[in-house]
Amino acid sequence: MNISRHIKTGLMLMALGFTSCEDKLLNLTPDSVLTPTNFYKNAADINQAVLGIYNSLQTRRQTDYLLMEVPADNLYMSANTTIAGSNDVDFLTVNADNALTAAFWNTTYNGVFRANAVLLNIDTPTNYTAGQKDQYIGEAKFMRALYYFDLVRVFGAVPKVVDKISIPEAAALPKATEEEIYSLIIEDLTDAAAKLPARKSTATGRASKGAAMALLGKVYVYRQDWANAKTQLEKVINELDYKLVADFASLWKLETEDNDEVIFTVKYVDGTNGQSLSTSYTPNGGLVGIADRGAETSLPSWSLLKKYEEADKRKAATVKEWWTSPAQPNAEPIYYPYVSKYAVKHSYGASGIDIPVLRYADIVLLYAETLFKQGDKANALVQLNKIRERAFGNAAHNYKGTETADLMDLILNERQLELAYEHERWFDLVRSGKYLTVMKQEERLYNYAAKTPVVVELAPKDFMKVYPIPQAQIDLSSGLKQNNGY
């Protein structure tokens, strides 16, 4: 089905297919077998429909790096990539016909419609067990909020669809304001937090009370609502049982990917329902003991690599600079940096390592930012240094408040090092306004022999803080207008 037409026709996602629960939110049900008359009859149907909401994110998350990392200073596209539209993102020359923004729009609204379908049909079954109906409402609202949070950050003002609408109404549907979208997000997350079970009472990969509370705190930070951000983030930190794991590298291992730092993650299973991100970051020649070949779509920028201090344990778990070909495992390694954060043994294009959406370190850093914005520099440093101590294994590298850099710059720097390749960097630069200066140039490939980087000059503009609305959506609508500058 053409999802791009669904946002304009208002067709509900009653026949778009939902997943069945086979351990990790997997296996699509064929689109043709689901209709409003033969589905949503009982609690099991609603459960399948809820799992279908997650599937849109599972599909999209493995390529989010193309819009959320590539335009920033962590990553650049490899010379051999064939991904349509990626070079325009890389060089900040995106236009309304970009294939990547169109795919992001379609898949994300697909998820919105699936959430709407659950909420519109939630009252039909009569055989819910205690708490089950509230959980499904909470999951649908959490996921709808997450999808709209992604949409408003990527595109700015977008159409707000929460109900079934007629074809003429859909064709004339204008953008809602960013404030209206954020109001919906906050309303959905507040209700989701009240209805969802604790994380240990639900499967990893499904939304929990903690996930809703954490995402709500993050939303308040993006709104610069520091009072509500502080209240919400303190609830997550003080009332819930998340914590930083001792070993950063363990976060990116299959055997320890489910841990006390995970707040919300997208689940994958090698081969049967895997993600392509691990393969995308693997060098063409493969990695010894991990993969015989890779796609090498993109490579880590020197702009990021040079910021890691020698004793920072996060570096080895995030990027590796020296590469050995599996074809010649005993040869001397060559200088060939690649992203190693998702480098686990995997089938080509179908890795089983999960891709996080929210983890506790992100919340701690957002809390540090919130405290700083409220003038509490001392306690902001306490929170920031929790991340530093885990990174270095001791307090020797803690910030002491006497650094010449602005504390906000230190927080953003720590977010870059801690959350690299977790799809946060572009948004961090945009919401801080730093992208206009940081992205004037990017140090990409480093010439190890000459000890000099390849510097690429870029031309960021104010309107680039959001991407253009896909032209296909403009063409289908009489009410949807293009973002300024495009």
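Quick notes
- Any hit, region 360-379, residues being more than 24 Å from ARG223 (Cα to Cα) and either modelled with pLDDT under 95 or part of a helix (DSSP H, G or I) (or both): no
A quick yes/no check of all residues on (1) within 19 Å of VAL357 (Cα to Cα); (2) buried (at least 20 other Cβ atoms within 10 Å of the Cβ):
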{"residue": "ASN95", "(1), (2)": "no, no"}
{"residue": "TRP105", "(1), (2)": "yes, yes"}
{"residue": "THR108", "(1), (2)": "yes, yes"}
{"residue": "VAL112", "(1), (2)": "yes, yes"}
{"residue": "VAL118", "(1), (2)": "no, yes"}
{"residue": "VAL152", "(1), (2)": "yes, yes"}
{"residue": "ASP163", "(1), (2)": "no, no"}
{"residue": "ILE167", "(1), (2)": "no, no"}
{"residue": "ALA170", "(1), (2)": "no, yes"}
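- Which listed residue, of VAL357, VAL344, VAL339, is surrounded by 23 or more Cβ atoms within 10 Å (Cβ to Cβ) and under 22 Å from TYR268 (Cα atoms): VAL339
- Checking LYS400 against (1) within 21 Å of the chain's Cα centre (by Cα); (2) charged (D, E, K, R); (3) modelled with pLDDT under 95, the condition it does not meet: (1)
- Only one of the numbered conditions (1) among the hydroxyl-bearing types (Ser, Thr, Tyr); (2) under 22 Å from ILE53 (Cβ atoms); (3) assigned to a helix (DSSP H, G or I) is not met by TYR220, and that is (2).
- Condition check for LYS341: under 24 Å from the mean Cα position of the chain (by Cα) and within 25 Å of THR202 (Cα to Cα): no
- Test: residue in region 59-79 that is open to solvent by 20 Å² or more (accessible area, probe 1.4 Å) and at pLDDT below 95: yes
- Flag if LYS315 is basic (Lys, Arg), more than 30 Å from ALA449 (Cα to Cα), outside any strand (DSSP E or B) and open to solvent by 40 Å² or more (accessible area, probe 1.4 Å): no
- Among the residues here, GLY111 qualifies as touching a Ser or Thr at 6+ places or on another chain (Cβ under 6 Å) and not in a loop (DSSP other than H, G, I, E, B).
Yes/no per residue for (1) within 26 Å of ARG199 (Cβ to Cβ); (2) of a type outside the set (A, V, I, L, M); (3) open to solvent by less than 10 Å² (accessible area, probe 1.4 Å); (4) part of a helix (DSSP H, G or I):
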| position | (1), (2), (3), (4) |
| --- | --- |
| ALA229 | yes, no, yes, yes |
| GLN232 | yes, yes, no, yes |
| ASN238 | yes, yes, no, yes |
| LEU244 | yes, no, no, no |
| ASP260 | yes, yes, no, no |
| ALA295 | no, no, no, no |
| LEU299 | no, no, no, no |
| SER303 | no, yes, no, yes |
| GLU309 | no, yes, no, no |
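So that you can scan it fast, the table gives a plain yes or no per residue for (1) more than 17 Å from the chain's Cα centre (by Cα); (2) over 20 Å from ARG60 (Cα atoms):
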position	(1), (2)
TYR148	no, no
ASP163	yes, yes
ASP191	yes, yes
ALA194	yes, yes
GLY205	no, no
ALA214	no, yes
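- Scanning region 430-449 for residues that are open to solvent by 50 Å² or more (accessible area, probe 1.4 Å) and in a loop (DSSP other than H, G, I, E, B) yields a count of 4.
- Among the residues listed as VAL89, VAL112, the single one being aliphatic (A, V, I, L, M), modelled with pLDDT of 95 or more and within 16 Å of TRP426 (Cβ to Cβ): VAL89
- Residues being in contact with a Leu (Cβ under 7 Å, 6 or more places away or on another chain) and either among the aromatic types (Phe, Trp, Tyr) or open to solvent by 60 Å² or more (accessible area, probe 1.4 Å) (or both) - total across region 374-418: 5
- In this structure, ILE181 does not qualify as farther than 17 Å from TYR54 by Cβ and not in a helix (DSSP H, G or I).
- Residue pairs meeting the criteria (Cβ under 6 Å; at least 6 apart or on separate chains; first at positive phi, in region 71-86; second modelled with pLDDT of 95 or more): GLY85/ASN98; GLY85/ALA99; GLY85/LEU100
- Members of region 118-168 that are on the phi > 0 side of the Ramachandran plot and in contact with a helix residue (DSSP H, G or I) (Cβ under 8 Å, 6 or more places away or on another chain): GLY156
- Test result for LYS200, among the basic types (Lys, Arg) and over 22 Å from the mean Cα position of the chain (by Cα): yes
- Qualifying residue in region 49-56 (condition: in a helix (DSSP H, G or I), crowded, with 21+ Cβ neighbours inside 10 Å and among the polar types (S, T, N, Q)): yes
- Any chance ASN413 is part of a helix (DSSP H, G or I) and farther than 25 Å from PHE149 by Cβ: no
The values are calculated or read from the model by the stated rules, or taken from the named source; none is laboratory data. On a predicted model such as this, the values are computed, not experimentally measured, just so you know. Using ideal geometry, Cβ is built from the backbone for each residue, glycine included, and neighbour counts are taken over all protein chains shown. SASA here: full protein model, heavy atoms, side chains in, ligands and nucleic acids out. Shrake-Rupley method; radii C 1.70, N 1.55, O 1.52, S 1.80 Å.
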